[in-house]
Structure formats: structure tokens, C-alpha cells
1. With every protein chain kept in place and ligands, DNA and RNA left out, what is the accessible area per residue of the range 264-354? Probe 1.4 Å, answer in Å².
2. First compute the accessible area of the chain with a 1.4 Å probe, then give the percent of it belonging to carbon and sulfur atoms.
3. Stretch S331-L162 to full length: gain in nm at 0.36 nm per residue minus the Cα-Cα span?
4. Scattering from the C-alpha atoms of the range 216-355 alone, worked out with Debye: what is log10 I(q)/I(0) at q = 0.12, 0.15, 0.16 1/Å?
5. Please give the solvent-accessible surface of M321 in Å², to the nearest 10, using a probe radius of 1.4 Å with every protein chain present.
6. Over the chain, what is the mean sequence separation of C-alpha contacts under 8 Å (at least six apart), divided by residue count, expressed as relative contact order in percent?
7. Per-residue counts of other Cβ atoms within 10 Å, averaged by peptide: what ranking do you get for 322-330, 21-29, highest first?
8. Just to confirm my numbers, what's the Cα centroid distance between the range 72-86 and the range 330-348 in Å?
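The values are calculated or read from the model by the stated rules, or taken from the named source; none is laboratory data. This one's a predicted model, so the numbers in the text were calculated from it and none came from an experiment. So basically every Cβ, Gly included, is an ideal-geometry build from the backbone, and we count neighbours across all protein chains shown. Ligands, DNA and RNA are stripped out before the accessible areas are found, and what is left, the full protein with its side chains, is counted by its heavy atoms. Shrake-Rupley method; radii C 1.70, N 1.55, O 1.52, S 1.80 Å.
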Amino acid sequence: LPQGINVYVGKHRSALVRAGVGLATLHSRLQQLTQVMSFTSSSIAAAFSDGVPDGQLGPDARRHLKSSLGYEITFSLLNPDPKSHTVDWDIEDAVNRYVQPVLDKLSLVANFSVDSQILYYAVLGVTPRFDKESSSFLLSSHSLPHVINPVEARLGSSAASLYPVLNFLLYVPERSHSPLYIQDKDGAPVSTNAFHSPRWGGIMVYNVETPASPQALFPLHVEVDMVRVMEVFLAQLRLLFGLSREGLPAEFLMESPGNEGLADWELDRLLWAHTIENIATVSTTLTSLAQLLDKIGNIVIKDDVASEVVYRAVSSAQSAMAKLAAGHLHSAFQASKEAVTSSERAFFDPSLLHLLYFPDDQKFAIYIPLFLPVAVPILLSLVKIVRESRQRKKEPTKMD
């Protein structure tokens with residue numbers, strides 16, 4: 001190992017640790033290694049982030065995407081000033097070269113679909129501040145949340161999507177706001193000139209050099225450097241899946257995962273997290289269904305729904321926990337996916353729709369105003385008939 005490096009983590013499932021001068025030092029380094037490579041209590045808290053109070057979680061716990069059977073990735077090029085810039089990007093080749101190897105590795109976790117689009121006259125919706133010293137325009141960190149909503153209205157990718165959509169936007173500033181730079185919380189320029197939004201995606205600002213000559217012909221032809229863009233987008237994709245390597249100790253040396261984008265042990269951690277989250281989702285869904293059945297007792301559960309959906313969800317969840325305890329991550333994750341699918345089918349089965357059934361108090365509230373006006377004359381008529389019959393019995397019968 002190089003001088004000053006005491007732990008080397010490979011891209012598969014191996015690591016090298018310098019023993020040091022004693023067992024105490026080795027124990028400390030092994031604990032650090034476990035925190036990096038293994039599934040820890042903080043990872044469990046992040047997997048249960050939706051059910052844990054905010055005060056008990058770190059600032060980045062809800063950054064990760066929720067577990068889903070599939071994801072849709074949309075790459076969008078925003079050109080707000082097509083009169084000044086003609087922007088070309090070879091997004092198909094870039095996806096095949098840089099993104100597809102990562103998605104192939106993540107195919108064990110979920111299904112992915114990728115598409116792209118170019119939007120003209122799509123502005124950020126926030127007016128940047130002009131800085132006289134640098135002769136540039138700046139976007140401060142507190143204004144970045146206001147950028148997403150106006151842009152998202154133009155994307156239209158999540159309107160008809162069954163799965164979560166990850167949006168990666170490349171924004172070419174208009175000529176009147178060029179160059180445009182993003183500032184962090186301390187007011188320093190962001191090196192990548194990009195920012196990401198948790199569970200949504202990321203936006204990168206791509207500045208174009210404006211010619212100094214006033215006689216330059218417009219629109220200018222711009223060829224996007226896809227290598228620089230894809231480096232940023234892949235880093236944001238790793239952040240969204242909780243694969244960030246930020247905050248590593250200085251004595252750690254990580255082997256680059258290469259073209260695959262993530263190491264084998266990172267994929268294992270991701271399978272752990274999604275399996276735990278799926279089991280928690282199944283438990284919540286079936287608990288909600290049980291509470292609904294307790295609240296509305298006259299709901300009829302068909303035999304096929306009970307045996308093929310509910311019981312299958314429970315058995316799949318139990319199988320996932322058993323396989324997870326045995327360390328079989330792939331089979332445990334597949335069982336948890338089957339449990340999620342079965343529990344969702346049970347909860348949204350048309351025969352169990354709670355709108356088809358009414359509690360007793362609602363029945364009285366609905367039917368009494370309808371039948372009471374009709375029932376009063378009938379009851380009065382019955383009372384009259386009973387009285388007349390009693391009077392007839394009291395009168396003596398005449399015998400001829």
C-alpha cells in the first residue's frame with residue numbers, strides 16, 4: 001500500500017488492511033471498513049427513512065430513491081435561446097457508452113428505460129444575479145429550489161409514468177445571461193456548475209463562449225462535450241441511489257469501478273437496502289389492509305385473493321427475511337419484489353375497494369332519510385288496520 005494509505009478497497013468484494021502496531025489499531029480500521037462496505041445501522045435508518053422522525057436522521061437520509069420495480073431516466077437539453085445557439089448533443093452514443101454499462105449492473109435492482117428530449121424556450125424561472133467583478137451571472141444556493149418547478153412543468157415525463165422518473169437536465173444559458181455559474185452555501189462557485197435534487201434528478205449549466213466580435217453570425221453552433229456532461233450525470237445518478245463515496249477517511253484508497261460505474265460491494269449494499277425497504281413496504285401495506293378489514297367488517301375476501309395474493313405476500317416476505325439472514329442477497333431481493341407485487345395487488349384489488357362497502361352508521365345516515373317518509377304512512381295504515389280488526393272482534397256477532 002502507498003505511504004499513508006492503510007485500507008485498500010477493491011471493486012469486487014475484497015479489501016486489504018494494514019495491521020498497524022497492535023490489535024487495537026487493526027480493530028479500529030476494521031470497524032471503519034465495516035462502516036464503508038457493509039450494511040450498517042445508518043443504512044437501515046435510511047431504508048426506513050419515511051417512517052423515522054426527521055430529528056433521528058442525517059441531512060442526506062431522504063436523498064436516496066425509494067425502492068421501485070422500475071425507473072425511467074430522461075435526459076433533457078434546455079435551449080432557452082435558439083436564436084443565439086444551435087446546440088447539438090450526441091446523447092444516444094453517450095448513453096450507450098457511459099450510462100448503459102451502469103444500468104446493466106443495476107438491472108438486478110430494477111428495470112430501466114431511457115429517453116431524451118430537446119426543449120426550446122425553456123427558461124429556469126429564476127433571474128440570476130449579475131456580478132460586476134467577474135462579469136458573470138450567479139445563481140445562489142437558496143434560489144436553486146425555485147428552479148425546478150417551472151422547468152418540471154415543461155418536461156411532461158412524469159405525467160403518464162408508472163415508475164419514478166429521474167430527470168437529468170443540461171441547460172444552455174441564453175446569451176443575455178451568459179456566462180452563468182452556480183454558487184454553494186458559502187458563496188463559492190461549484191466546480192461542476194451543477195446541482196441535484198433528492199429523489200428527482202439534477203441540472204447542469206453548460207456555458208457557451210460568446211464571440212467578442214459584434215459581427216459574429218447567429219445562431220452559433222455548439223457541440224456539447226458529452227464526456228464532461230456524463231461525468232456529472234453519472235455522479236448524480238450514484239447520489240440518487242445512495243452510492244456516494246463522500247466522507248471517506250483519508251487513509252482509505254478506493255479502486256475505481258471502471259466502466260461499470262459501481263463496485264460489486266456497492267451493489268450488495270443497494271440490494272440490502274432495497275430488500276429491507278421492500279419488506280417494510282409489504283408490512284405497511286398488509287397492516288393497512290388488516291386495519292381496513294377491521295374497520296369495515298362486511299368486506300368479503302374472495303378465496304383467490306386470499307390464497308394467491310395475501311398469503312403469497314406473507315410467505316414471500318418471510319422467505320425474503322430468511323434468505324437475507326442467510327446472506328443470499330439476490331434471491332432475498334427477488335422474494336421481496338414478489339411480496340411487494342402481491343401486497344399491492346391485494347390492497348388495490350377491485351373486490352376490496354372500500355368504497356363498495358359502508359359502515360353501519362353510514363347506512364343508517366343514508367337510508368333513513370330515504371325510507372322514513374315512505375314508512376310513516378305505511379306504519380299509520382297498519383296501526384289503523386290493527387285497531388279496526390280489534391273493534392270487529394269486540395262486537396257481538398248476530399245469529400239468525
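1. 49
2. Working: 13250 of 23310 Å².
Of the solvent-accessible surface of the chain, carbon and sulfur hold 57 percent.
3. The S331-L162 span can extend by a further 58.4 nm.
4. -0.68, -0.84, -0.90
5. 100
6. 19
7. The densest-packed peptide leads the list: 322-330, 21-29.
8. 39
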